[in-house]
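Chemist: Take this structure first; my questions come after.
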Amino acid sequence: MRRPSSARRRFRIPTALAGLLASSAAFGVTVVVTSTADVATNCASTGQPGPRGEGCTLRDAILFSNANPQPQAFANLIQFDIQGPAPYTIGLGDLGSGVPLPAITTGTTVDGYSQPGAFPASCGICSDANILIDLQGDAAADPLLHVTGGTGTLIRGLLLNGQGSDQDPYGAPRSIVLDSPFNVVAGNWIGIGYTGNFVGLTTLGNVTVNSGDNQIGGSDPADHNLMGVETPTAGGMIVVAGSGNRIQGNQIGTNSAGFTLDRLGPVGGGIAIRVTGDDNFIGGSPAERNQIAGHSTGILFFGGGAFANVVEGNYIGTDSHGGNGADPNTDGIGLQDASGNLIGALTAGNRIAFNRDTGIQVSGSSQGNTICCNSIFANGSNLGNGNLGIDLIDQGVPGVTFNDACDGDGGPNGLQNFPSLTGAATIRSTTHIQGTLNSTPSTSFRIQFFANTQCDPSGFGQGETFVAETFLATDANCNLSFSVPVFPAIPGGQFVTATATALSTGDTSEFSACQPVLVPQHQQINGAVQSLDPAARTLGLSTASGVLTIRTDEDTKFRKSHRNVDFEALAVGDTAEVKESPLGDGSFLADKVTVPQ
Ligand SMILES: [Ca+2]
Ligand SMILES: [Ca+2]
């Protein structure tokens, strides 16, 4: 079953938060947290410190904001001005009052960057924020911050950490749970140590999004969240059960510099982003890219409710520079019983590289997941696991799922057949890729081509650099063939691979086998023109070694009776001298076709 690809939601949360604080300060109430204690004082009802110098606590601030509900998003303002040596740790749960903080029930801005000395990040591919307000709690504090009402709350500039225990290493509280829509979680450090370079039993956390239209992260470096590694009991570092959320610009599973994170003790690395909802948007432009490493699965779409989600422009398995400097994921992306999702876009492919097993795994009842335009390479260092760039898991068995005649088989993504490449030759400034696809009869396909510096050890490709695509339909006998020019040319010695996507279902195949790119030498063959196909600009040339297929293109020169002519001037029966280059599939590309008489 393929879900209809729904129109993209119009997101009502502003993607740029600049100016938002200034505007929100113009209305609502403001309370300044001056104490790290976790008690309620008179400040909860007055918004002011007590007469004998009792400070306002975060608990006070939330209660005071809730008591002054506002119709506007982000309207009430909770700021921080705590004295003494930094960082300022607010102990919650059994480290504080023993009970969780009250839920936030009205549009509030919780601004950790208001603490003197704190500032947000300005580095796009790392996190150089200085965060001084640390919410630290244990299981009794779950969740550390809970938003249940209002027209939008903004949480920024906080370090949120939970404590597990040796008895239950993963029994830590969730950091933030969103149960109402239109919230923004931006510019926080979540589930990572104060210095931004380690995770351990006291630095666990996650964000759980049960509602819709929230934004986690953002395009501005100041809005990027830095996150450690997931605690398996939380289900994911970011759990998205709602619809229409944006997950953008987050750095997950690396240290603040964007490289390998130190793990202290039995700290796992389950799922970085787990999606069970629909119409969520993960990534986008380079500024909106999520960088995801260090987990068992980078992004997992799970279950029938996970449809029409879009994943664009992310780095999955790499360090924040896109290289091999992070602890990679086991699998990059998983689609399990999830249908109609889109992985990659023409101008915003994902880089899915260095993951230990599979780049993208499609399993269970998953159907109609389109995988397009990505850069998938160097996955599968765990040799012997049958690891591929894209793996449709047929009846639980990983590895290449071979094509069946006319593609009547079923399974994840319909076990869509992949193309068969028969030749790839770089001639002059263009690489010509020849091949065929056998699949569902009389059906339109999008065939994409990729250049690779290496062939996967399986012999079946990954897809390092997306270079071209073509749209063609199979005939009634299930076949189509193609000869596709790629400009600029792919250097000789590289390898070409391809995928096929059925336009009617959205199902994308695994990668084809690798085809080496040849750089052939010119030759000359003589013969008689036996047939002409003006539409394809090919001719059949009868020679001593049989009838050869001669292809021509816009660079081919034609001379007949000592005059320059066009293809159309050729005639069956002409005796021709053809200067050509072999394309590798038994056909030839002509530089020049000369008919002396
Ligand atoms: Ca397979
Ligand atoms: Ca098949």
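The values are calculated or read from the model by the stated rules, or taken from the named source; none is laboratory data. Just so it is clear, the structure is predicted and the values come from calculations on it, not from any experiment. Ideal geometry is used to build each Cβ from the backbone, glycine not excepted, and the neighbour counts take in all protein chains shown.
Chemist: Of everything in segment 288-328 that's of a type in the set (V, I, T) and crowded, with 23+ Cβ neighbours inside 10 Å, which residue is farthest from V362 (Cα to Cα)?
Modeler: Result: T318.
Chemist: Mind listing whichever residues of segment 252-268 are under 27 Å from D337 (Cα atoms) and surrounded by 24 or more Cβ atoms within 10 Å (Cβ to Cβ)?
Modeler: Matches in segment 252-268: I252, G253.
Chemist: Just need a number here: residues in segment 546-578 that are under 19 Å from P485 (Cα atoms) and either part of a strand (DSSP E or B) or of a type in the set (G, A, S) (or both).
Modeler: Of the residues in segment 546-578, 4 are under 19 Å from P485 (Cα atoms) and either part of a strand (DSSP E or B) or of a type in the set (G, A, S) (or both).
Chemist: Kindly indicate whether any position in segment 336-357 is within 18 Å of T499 (Cβ to Cβ) and within 14 Å of ligand 1 (Cβ to nearest atom).
Modeler: no
Chemist: Now, a different point. Could you tell me whether segment 449-467 includes any residue that is over 19 Å from G349 (Cβ atoms), within 16 Å of ligand 2 (Cβ to nearest atom) and modelled with pLDDT of 95 or more?
Modeler: No, the conditions are met nowhere in segment 449-467.
Chemist: Which of the residues spanning segment 104-137 are of a type outside the set (S, T, Y), under 27 Å from Q291 (Cα atoms) and assigned to a loop (DSSP other than H, G, I, E, B)?
Modeler: The answer is A118, P120, A121, C123, G124, I125, C126, D128, A129, I131, L132.
Chemist: Just a yes or no: is a residue in segment 353-364 among the charged types (D, E, K, R), surrounded by fewer than 20 Cβ atoms within 10 Å (Cβ to Cβ) and within 22 Å of L383 (Cα to Cα)?
Modeler: Within segment 353-364, one or more residues are among the charged types (D, E, K, R), surrounded by fewer than 20 Cβ atoms within 10 Å (Cβ to Cβ) and within 22 Å of L383 (Cα to Cα).
Chemist: Would you check if there is a residue in segment 45-56 being assigned to a loop (DSSP other than H, G, I, E, B), within 20 Å of N183 (Cα to Cα) and out of contact with any helix residue (DSSP H, G or I) (no Cβ under 9 Å at 6 or more places or on another chain)?
Modeler: No, the conditions are met nowhere in segment 45-56.
Chemist: Could you please give the count of residues in segment 397-424 that are part of a helix (DSSP H, G or I), within 7 Å of ligand 2 (Cβ to nearest atom) and either among the aliphatic types (A, V, I, L, M) or surrounded by fewer than 23 Cβ atoms within 10 Å (Cβ to Cβ) (or both)?
Modeler: 1
Chemist: Checking S285 against (1) buried (at least 22 other Cβ atoms within 10 Å of the Cβ); (2) more than 20 Å from G191 (Cα to Cα): exactly one of these is not met. Which one?
Modeler: It is condition (1) that S285 fails.
Chemist: Could you check segment 128-140 and list, in sequence order, the residues that are at pLDDT 95 or above and either in contact with a Leu (Cβ under 8 Å, 6 or more places away or on another chain) or crowded, with 20+ Cβ neighbours inside 10 Å (or both)?
Modeler: The answer is A129, I131, L132, I133, D134, L135, Q136, G137.
Chemist: With T347, T297 as the choices, which residue is under 15 Å from the mean Cα position of the chain (by Cα), of a type in the set (V, I, T) and modelled with pLDDT under 95?
Modeler: The unique qualifying residue is T347.
Chemist: Kindly provide the set of residues from segment 472-523 that are hydroxyl-bearing (S, T, Y) and in a strand (DSSP E or B), ordered by number.
Modeler: Answer for segment 472-523, where residues must be hydroxyl-bearing (S, T, Y) and in a strand (DSSP E or B): S481, S483, T497, T499, T501, T508.
Chemist: Which residues, counting only those in segment 68-94, are surrounded by fewer than 18 Cβ atoms within 10 Å (Cβ to Cβ) and in contact with a helix residue (DSSP H, G or I) (Cβ under 8 Å, 6 or more places away or on another chain)?
Modeler: Residues satisfying the conditions are Q72, D81, D94.
Chemist: Looking for whichever is more than 16 Å from ligand 2 (Cβ to nearest atom) and not assigned by TED's automatic domain parsing to the domain that holds G304 here; the options are N387, N350, N369. Which one fits?
Modeler: Just a single option satisfies the conditions, and that option is N387.
Chemist: Among the residues of segment 474-522, write down those that are in contact (Cβ under 8 Å) with a residue 60 or more places away in the chain and among the small types (G, A, S).
Modeler: S483, A489, G492, A498, A500, A502, S504, G506, S509, S512, A513
Chemist: Quick check: anything in segment 192-211 touching a Pro at 6+ places or on another chain (Cβ under 6 Å) and of a type in the set (S, T, N, Q)?
Modeler: For segment 192-211, residues touching a Pro at 6+ places or on another chain (Cβ under 6 Å) and of a type in the set (S, T, N, Q): present.
Chemist: State which residue pairs qualify: first residue within 12 Å of ligand 1 (Cβ to nearest atom) and inside segment 394-419, second residue among the aromatic types (F, W, Y) in any location, beta carbons under 6 Å apart, and separation of 6 or more residues or different chains.
Modeler: Matching pairs, first to second residue: V400/F460.
Chemist: Taking the residues in segment 435-459 that are part of a strand (DSSP E or B), polar (S, T, N, Q) and surrounded by fewer than 22 Cβ atoms within 10 Å (Cβ to Cβ) as candidates, determine which candidate is farthest from ligand 1 (Cβ to nearest atom).
Modeler: Residue satisfying both the conditions and the ranking: S444.
Chemist: Follow-up question, since we're still on this one. Looking at (1) within 14 Å of ligand 1 (Cβ to nearest atom); (2) touching a helix residue (DSSP H, G or I) at 6+ places or on another chain (Cβ under 7 Å), which is the only condition Q367 fails?
Modeler: (1)
Chemist: Follow-up question, since we're still on this one. Filtering segment 381-392 down to residues that are crowded, with 24+ Cβ neighbours inside 10 Å and part of a loop (DSSP other than H, G, I, E, B), which residue is nearest to ligand 1 (Cβ to nearest atom)?
Modeler: The extreme case among them is L388.
Chemist: Follow-up question, since we're still on this one. Given the conditions (1) among the aliphatic types (A, V, I, L, M); (2) touching a residue at least 60 places away in the same chain (Cβ under 8 Å); (3) within 13 Å of ligand 1 (Cβ to nearest atom), report the number of the one that I360 does not fulfil.
Modeler: Status for I360: all satisfied but (2).
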